[in-house]
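The values are calculated or read from the model by the stated rules, or taken from the named source; none is laboratory data. Bear in mind that the values here come from a model prediction, so they are computed numbers and not experimental data. Cβ coordinates were reconstructed from backbone atoms using ideal geometry, including for glycine residues, and neighbour counts include every protein chain displayed. Side chains are part of the model used for accessible areas, which takes the heavy atoms of the whole protein and leaves out ligands, DNA and RNA. Shrake-Rupley method; radii C 1.70, N 1.55, O 1.52, S 1.80 Å.
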Amino acid sequence: MRSLPCILCIGGLDPSGGAGIQADIETVSALGGRALTLVTALTAQDSHDISTVKPVSADFFSAQLELLIRDIRPDAIKIGLLGSPDLVPVVRDLLQNFRGPVVLDPVLAAGGGFDLDTRHLGRVMCEQLVPLTRLITPNRAEARRLGNHEDTDQAVHRLIRAGADAILLTGADEAAGDQVINRLFEGDAPERAFSWPRLPHSYHGSGCTLASACAARLALGDRLAEAVETAQRFTLDALRRADRPGEGQWLPRRWP
Ligand code: PLP
């Protein structure tokens, strides 16, 4: 029997299960892939917000990675929370030797407000990782941080100039009104906008779900625009099924 497409998910462990590696595993599995997981950081958090991030050492992260990819070749790579700039060169070296699609979700702040942009992580990611990605999936605030510009559109153009092949700019974090507009920028192609109904709650892990779904669909062979559209629909469905096990944000349900 043919093996499932493997998506290497690099991210943090969120004990609430809403975001991070658990979101990646659930999303990739639901879409018919196999998640390989490299944990960048343990976190203390609940459904309200993060309180502490404990990154793993670059040496141990690198040792895990080397052992894994000597044995299993991923079909796509998804990068989420890195937690420390020390891990960036290890990830950069991985991407330089990887031919498949790479999706970067630049996790620089939690939805609850906790700042994850420690020690210029955003700047280092922009310099070292952005040029090696197929797709970046920032929300508006993350785009401005990663692109280091206070105007969102200018920041997006900076990211394209920095070498991003494509950017899916999500709009749920700021826009008002009853629609959420996500915008896809890809090379010289005209910008494409996707409009979705705004759901009533605040959700934890929607960005992780979206980026993992893009990576899974790309690994399954979709073209970029197709992957991005299917991934948004998958995320919306998971948010529609969300529940609220704690007293903070709602958690997506990524399985039927
Ligand atoms: N914790 C981890 C480990 C994450 O990867 C993320 C987002 O990617 C978050 C927390 C924050 O998730 P959210 O912004 O959806 O609240």
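Couple of notes before you dig in:
- Any hit, segment 132-141, residues being modelled with pLDDT under 95 and more than 16 Å from the ligand (Cβ to nearest atom): no
- Looking only at segment 42-63, residues that are within 13 Å of the ligand (Cβ to nearest atom) and either under 15 Å from the mean Cα position of the chain (by Cα) or of a type in the set (Ser, Thr, Tyr) (or both) come to 4 in all.
Each row is one residue, and each column tells you yes or no for (1) closer than 21 Å to HIS48 by Cβ; (2) more than 13 Å from the ligand (Cβ to nearest atom).
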| position | (1), (2) |
| --- | --- |
| ALA216 | no, yes |
| LEU220 | no, yes |
| LEU224 | no, yes |
| ALA227 | no, yes |
| ALA231 | no, yes |
| PHE234 | no, yes |
| ALA238 | yes, no |
| TRP250 | yes, no |
| ARG253 | yes, yes |
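- Leading residue by the ranking (farthest from the chain's Cα centre (by Cα)) among those in segment 178-214 that are among the small types (Gly, Ala, Ser) and within 28 Å of ILE50 (Cα to Cα): SER202
- Against the numbered list (1) farther than 17 Å from LEU135 by Cβ; (2) in contact with a strand residue (DSSP E or B) (Cβ under 6 Å, 6 or more places away or on another chain), ASP59 comes up short only at (2).
To keep it simple, each residue is scored yes or no on (1) open to solvent by less than 50 Å² (accessible area, probe 1.4 Å); (2) touching a Lys or Arg at 6+ places or on another chain (Cβ under 7 Å); (3) small (Gly, Ala, Ser).
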residue: SER29; (1), (2), (3): no, no, yes
residue: GLY32; (1), (2), (3): yes, no, yes
residue: LEU38; (1), (2), (3): yes, no, no
residue: ALA41; (1), (2), (3): yes, yes, yes
residue: THR52; (1), (2), (3): no, no, no
residue: PRO55; (1), (2), (3): no, no, no
residue: LEU65; (1), (2), (3): yes, no, no
residue: ILE72; (1), (2), (3): no, no, no
residue: ILE77; (1), (2), (3): yes, no, no
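- Among the residues of segment 154-174, those identified as surrounded by fewer than 14 Cβ atoms within 10 Å (Cβ to Cβ) and within 20 Å of the chain's Cα centre (by Cα) are GLY163, GLU174.
- Within segment 1-34, considering residues that are outside any helix (DSSP H, G or I) and free of Cβ contacts under 8 Å to residues at least 60 places away in the same chain, the one farthest from the ligand (Cβ to nearest atom): MET1
- ASN97 meets all of the listed conditions (1) away from the ligand (no atom under 16 Å from the Cβ); (2) open to solvent by 50 Å² or more (accessible area, probe 1.4 Å); (3) farther than 25 Å from ARG223 by Cα; (4) of a type in the set (S, T, N, Q) but one, namely (3).
- ARG144 being within 16 Å of the ligand (Cβ to nearest atom), more than 15 Å from ILE50 (Cβ to Cβ) and of a type outside the set (Phe, Trp, Tyr): yes
- Any chance LEU210 is within 14 Å of GLU142 (Cα to Cα), touching a residue at least 60 places away in the same chain (Cβ under 8 Å) and either part of a loop (DSSP other than H, G, I, E, B) or of a type outside the set (S, T, N, Q) (or both): no
- Segment 70-87: number of residues that are within 22 Å of PRO5 (Cα to Cα) and in contact (Cβ under 8 Å) with a residue 12 or more places away in the chain: 9
- Subset of segment 35-58 [within 18 Å of LEU94 (Cα to Cα) and part of a loop (DSSP other than H, G, I, E, B)]: VAL56, SER57
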